[in-house]
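Peer 1: Input: one structure, supplied below.
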Amino acid sequence: PMVHRHPFILVGPYKTLEYLKEMGYKTFSDFWDESYDDIEDPTERLLKIVEICKEIQSWDEVKRKQFFYKSMIVTNHNYDLLTSQYPDSMRKNFWHRLRDYVSFEKHKKN
């Protein structure tokens, strides 16, 4: 989604949003509750994400438009950071870096 300047709710491992933020990326905590990132149990985390998706689905047209324009600050920031770090084959390099960070850096902290 960052390559295409899209907002996202990250369905992934525990603390993945935290790792993205540590890497300099912005997330969408100004728009919805991102506490799902703090839930260790994958089933509970996914249920929380479903609640958020239902909430977004219930937004009226005005709120959706406001979100679209306000979220551009975040999506443009993420795109600019991503393309500055990985100008060539950025998708592959980004996901490899994130995978390595989550796998190795997390265990260094413990």
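Peer 1: Search region 21-45 for residues that are at positive phi and pair each with any residue that is assigned to a helix (DSSP H, G or I) when their beta-carbon atoms are under 8 Å apart and the residues are at least 6 apart or on different chains.
Peer 2: Gly24/Leu81
Peer 1: Among the residues of region 74-82, is any at pLDDT below 90, surrounded by 15 or more Cβ atoms within 10 Å (Cβ to Cβ), in a loop (DSSP other than H, G, I, E, B) and not polar (S, T, N, Q)? Before the answer, list the steps.
Peer 2: Of region 74-82, the ones at pLDDT below 90 are 82.
Restricting the remaining residues to those that are surrounded by 15 or more Cβ atoms within 10 Å (Cβ to Cβ) gives 82.
Next, only the ones that are in a loop (DSSP other than H, G, I, E, B) stay: none.
No, because not a single residue in region 74-82 is at pLDDT below 90, surrounded by 15 or more Cβ atoms within 10 Å (Cβ to Cβ), in a loop (DSSP other than H, G, I, E, B) and not polar (S, T, N, Q).
Peer 1: Then there's this: Among the residues of region 1-56, which ones are among the β-branched types (Val, Ile, Thr) and either closer than 28 Å to Thr83 by Cβ or buried (at least 17 other Cβ atoms within 10 Å of the Cβ) (or both)?
Peer 2: Once the filter is applied, which keeps residues that are among the β-branched types (Val, Ile, Thr) and either closer than 28 Å to Thr83 by Cβ or buried (at least 17 other Cβ atoms within 10 Å of the Cβ) (or both), region 1-56 yields Val3, Ile9, Val11, Thr16, Thr27, Ile49, Ile52, Ile56.
The values are calculated or read from the model by the stated rules, or taken from the named source; none is laboratory data. If you're wondering where the values come from, they're calculated on a predicted model, not measured in any experiment. Heads up, the Cβs are rebuilt from the backbone with ideal geometry, glycines too, and the neighbour counts pull from every protein chain shown.
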